[in-house]
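The values are calculated or read from the model by the stated rules, or taken from the named source; none is laboratory data. Because the structure is a prediction, the values reported are computed rather than measured. FYI the Cβ positions are ideal-geometry reconstructions off the backbone, even for glycines, and counts take in every protein chain you see.
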Amino acid sequence: MRIESERILFEDVPATAIAECYGTPTYVYEENRIRTNFRRALAAFRNDYPNFRFFYAVKACNNPAIAHILRQEGAGIDAASVNEIRLAAEIGLGGEDVMFSGNFLSDDDIRQGLQSGVIFNLDDISLLPRVLAHGRPDLICFRVNPGYGKSNVGEYVTNAGPKAKFGLHPDQVIEAYRLARDAGISRFGAHMMPGSCITDSEYFGFITGLLMDIIGKAVRELGIRFEFIDLGGGLGIPYRPDESPLDIEAAASRVAAVFKEKVREYGLEPPRLMMEPARYFVGDAGYIVGRVHAIKDGYARIIGTDVGMNVLARPAMYGAYHHIYVDGREGEPRASMGLCGQVCENTDYWVRDRPLPMGTTVGDLVVVENAGAYGYTMSYQYNGRLRPAEVLVNGERHMLIRERETFEDMVRGAHVPDYLRE
Ligand SMILES: Cc1ncc(COP(=O)(O)O)c(C=O)c1O
């Protein structure tokens with residue numbers, strides 16, 4: 001996104017053109033930004049460890065067009081559910097190009113996961129016998145909770161450590177791989193996902209060391225070989241204007257240095273190194289274009305927009321910050337005010353006391369930044385406020401990649417027993 005003569009543009013498409021063609025609220029993604037983000041990260045990690053691959057955690061933004069962009073760049077898919085495995089298949093990825101990192105799986109999830117031939121990343125030791133009851137995969141991966149996690153929004157998305165629901169306790173790791181080996185499984189991977197949106201490059205080296213120590217001990221004890229180590233996601237982006245971006249090259253160097261040192265220390269045959277980020281690729285490439293519909297002056301000035309908590313859940317869910325621009329007014333003097341959506345919940349009053357342009361008025365367009373990850377995929381229909389459209393821009397081109405929901409979508413699948421109609 002850029003601002004030219006006060007007007008907001010996504011690549012070369014003005015925000016006004018998006019609003020005119022597709023209405024508001026609408027999610028907009030910049031294709032070239034996604035590709036640039038991916039290429040920069042891949043170059044950084046491959047520079048330090050050539051045998052490196054990214055899997056894209058499609059939960060962050062599951063629009064098939066976006067997933068295709070990342071597939072074209074060479075990413076595999078990290079799937080959280082059977083439906084995400086199906087989405088990967090829709091874009092032509094299956095087998096070992098897909099990592100199935102579900103948690104608390106049902107038997108049906110296990111059956112369908114096995115049928116699809118993807119890599120099983122088991123979140124608990126108790127899952128192994130359940131998987132084996134349905135079939136024996138060649139390759140198995142366990143998600144390890146190395147006892148430490150971190151996030152930019154507190155405990156909400158701290159995915160490891162004693163308070164997290166994810167992953168095996170380090171004390172269970174040797175037993176888990178022993179059971180797998182003794183069951184005749186011969187190929188192994190290891191995974192962790194301890195942090196979310198981390199912009200401190202040192203952190204990535206630190207967690208690599210934690211996992212490698214756990215894995216190194218398993219190798220010594222069991223004599224197995226690890227084909228790959230997956231360090232999860234967590235590559236952060238700055239959300240607040242005063243935050244510094246992650247130094248991705250420094251993060252990659254730290255990871256590679258620790259990884260190589262641990263490979264030496266434990267005498268491992270060097271495994272493939274993987275990560276499965278999402279936010280770093282798509283987070284800052286996505287925006288929401290919304291419109292101001294009403295302004296209330298009471299206890300405070302509140303700008304009422306159509307970007308509610310149902311459109312962007314993160315602020316109401318995690319207290320997350322998202323920067324907001326007002327088209328045509330960024331150069332104006334500012335005053336502290338609030339901003340909300342149209343949903344009947346006070347958590348929908350998701351901006352309090354923010355310096356916004358004083359002249360902001362009904363009909364103006366607002367643009368919410370950093371909405372590409374965990375934006376549309378977390379949207380919902382509460383209050384009959386339906387999910388927005390999604391649009392991809394590339395240079396001067398803009399393309400609808402998901403239609404705005406309609407009333408028919410809201411009632412699809414509902415059934416009313418006849419007697420209730422009397
Ligand atoms: C298992 C797993 N892998 C990868 C990711 C992607 O994380 P991020 O967007 O922070 O890179 C997530 C996000 O929740 C996840 O749960």
Selection over segment 30-60 where residues are closer than 19 Å to Arg397 by Cβ and within 16 Å of the ligand (Cβ to nearest atom) yields a count of 2
Taking segment 394-422 and keeping only residues that are under 20 Å from the mean Cα position of the chain (by Cα) and either aliphatic (A, V, I, L, M) or over 28 Å from Gly319 (Cα atoms) (or both), one is left with Ile401
Yes or no: Ile91 within 19 Å of the chain's Cα centre (by Cα), in the same structural domain as Leu211 (by TED's automatic domain parsing) and away from the ligand (no atom under 16 Å from the Cβ)? yes
**Prompt:** Is segment 96-112 home to any residue that is away from the ligand (no atom under 11 Å from the Cβ), among the aromatic types (Phe, Trp, Tyr) and out of contact with any Pro (no Cβ under 9 Å at 6 or more places or on another chain)?
**Reply:** yes
Of Ala183, Ala160, Ala164, the only residue that is of a type outside the set (Val, Ile, Thr), surrounded by fewer than 23 Cβ atoms within 10 Å (Cβ to Cβ) and modelled with pLDDT under 95 is Ala164
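Condition check ((1) at pLDDT below 95; (2) closer than 17 Å to Thr360 by Cβ) across all residues:
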position: Ala278; (1), (2): no, no
position: Val289; (1), (2): no, yes
position: Ile303; (1), (2): no, yes
position: Gly308; (1), (2): no, no
position: Tyr318; (1), (2): yes, no
Filtering strands (runs of 3 or more DSSP E) wholly in segment 247-334 for at least 1 residues that are within 16 Å of the ligand (Cβ to nearest atom), out of contact with any Asp or Glu (no Cβ under 7 Å at 6 or more places or on another chain) and over 28 Å from Thr208 (Cα atoms) gives 286-297
Taking segment 163-199 and keeping residues closer than 16 Å to Phe100 by Cβ and either of a type in the set (S, T, N, Q) or away from the ligand (no atom under 16 Å from the Cβ) (or both) leaves Ala180, Ile185, Arg187, Phe188
Has segment 131-147 got any residue that is within 18 Å of Asp182 (Cβ to Cβ) and in contact (Cβ under 8 Å) with a residue 60 or more places away in the chain? yes
| request: Please indicate, with yes or no, whether at least one residue in segment 341-352 is out of contact with any Ser or Thr (no Cβ under 7 Å at 6 or more places or on another chain), closer than 21 Å to Arg314 by Cα and in a strand (DSSP E or B). | output: yes
Taking segment 117-157 and the residues there that are surrounded by fewer than 16 Cβ atoms within 10 Å (Cβ to Cβ) and hydroxyl-bearing (Ser, Thr, Tyr), the one that is farthest from the ligand (Cβ to nearest atom) would be Ser126
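Sort out which residues of segment 361-386 are touching a residue at least 60 places away in the same chain (Cβ under 8 Å), surrounded by fewer than 21 Cβ atoms within 10 Å (Cβ to Cβ) and either assigned to a loop (DSSP other than H, G, I, E, B) or within 16 Å of the ligand (Cβ to nearest atom) (or both), and write them in order of number.
Answer for segment 361-386, where residues must be touching a residue at least 60 places away in the same chain (Cβ under 8 Å), surrounded by fewer than 21 Cβ atoms within 10 Å (Cβ to Cβ) and either assigned to a loop (DSSP other than H, G, I, E, B) or within 16 Å of the ligand (Cβ to nearest atom) (or both): Thr361, Val362, Gly363, Asp364, Glu369, Thr377, Met378, Tyr380, Gln381.
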Among helices (runs of 4 or more DSSP H) entirely inside segment 115-226, those with 1 or more residues being under 25 Å from Val258 (Cα atoms) are 173-182, 201-222
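May I ask you to list the residues in segment 266-293 that are of a type outside the set (D, E, K, R) and closer than 15 Å to Ile69 by Cβ?
Answer for segment 266-293, where residues must be of a type outside the set (D, E, K, R) and closer than 15 Å to Ile69 by Cβ: Pro277, Ala278, Tyr280, Phe281, Val282, Gly283, Ala285, Gly286.
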Selection from segment 218-260 of residues within 15 Å of Asp200 (Cα to Cα) and free of Cβ contacts under 8 Å to residues at least 24 places away in the same chain yields Asp242
